[in-house]
Amino acid sequence: MTPPSGAAPLNPPPAGTPPRPPRPPISPWGWSPRPDPLIVTVARQGGWHVLTVTGELDLASVPALQADLYDVWAETAAPWVALDLTAVSLCDSTGVNALVRAWQRTTRAGGQLLLLRPHPRVAAVLCRTALDQHLPIATHLPEPPC
């Protein structure tokens, strides 16, 4: 309930109190964006570009992963890319789509995409969608060809 115009607020803050920080925006669906974004670190191990992904792979975070993948693809003609999914706690349909597109683009360029140690929840999604039959999954990095 709002006070009538010109009336003082119901519970005014004490004098000298700093203003409140603005509230985070609320989406049209009624939830606030998550505070922790997807974190992607890129390193070279042997001939592999290893992208270690931490967080949730979903509609809001897939662009961060794609940006790092584009950097790898721009750097190397036939990249060998390993996505370390150990710390990915959730992968929705947008995340699954991003993995499939990354695999398609990498193999079309003559490289290889490997999913490394997926979190059990992500592994379950890959199994339910039968992608574990198509996308290479490993527990360690194999030696890339010379």
Between A78 and L141, what is the label-point separation in nm under the 7 Å Cα-to-beta-carbon projection? 1.9 nm
Nearest 5 percent is fine: what portion of the DSSP beta bridges confined to region 39-138 is antiparallel? 30 percent
The long-range amide H neighbours of A82, using H built 1.01 Å from N in the peptide plane and a cut-off of under 5 Å, are H49, V50, L51, L114
For region 69-79, just list the computed ³J(HN,Hα) in residue order, Karplus coefficients 6.51, -1.76 and 1.60, θ = phi - 60°, integers in Hz, with x standing in for Gly and Pro. 5, 4, 4, 5, 5, 6, 7, 10, 5, 10, x
Set the Förster distance to 25 Å, then compute FRET efficiency between L131 and A64 from the Cβ-Cβ distance, nearest 0.05. 0.75
Estimated vicinal HN-Hα couplings, Hz - region 83-98 in sequence order (Karplus 6.51, -1.76, 1.60; Gly, Pro = x): 9, 7, 9, 4, 9, 8, 8, 8, 9, 8, 4, 5, x, 4, 4, 4
From the alpha carbon gyration tensor of region 55-134, can you work out the equivalent ellipsoid semi-axes (sqrt of 5 times each eigenvalue) and give them in Å, largest to smallest? 20, 14, 11
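Every number here is computed from the coordinates shown, using simple stated rules; none is lab data. Source: prediction; values computed, not measured. Cβ coordinates were reconstructed from backbone atoms using ideal geometry, including for glycine residues, and neighbour counts include every protein chain displayed.
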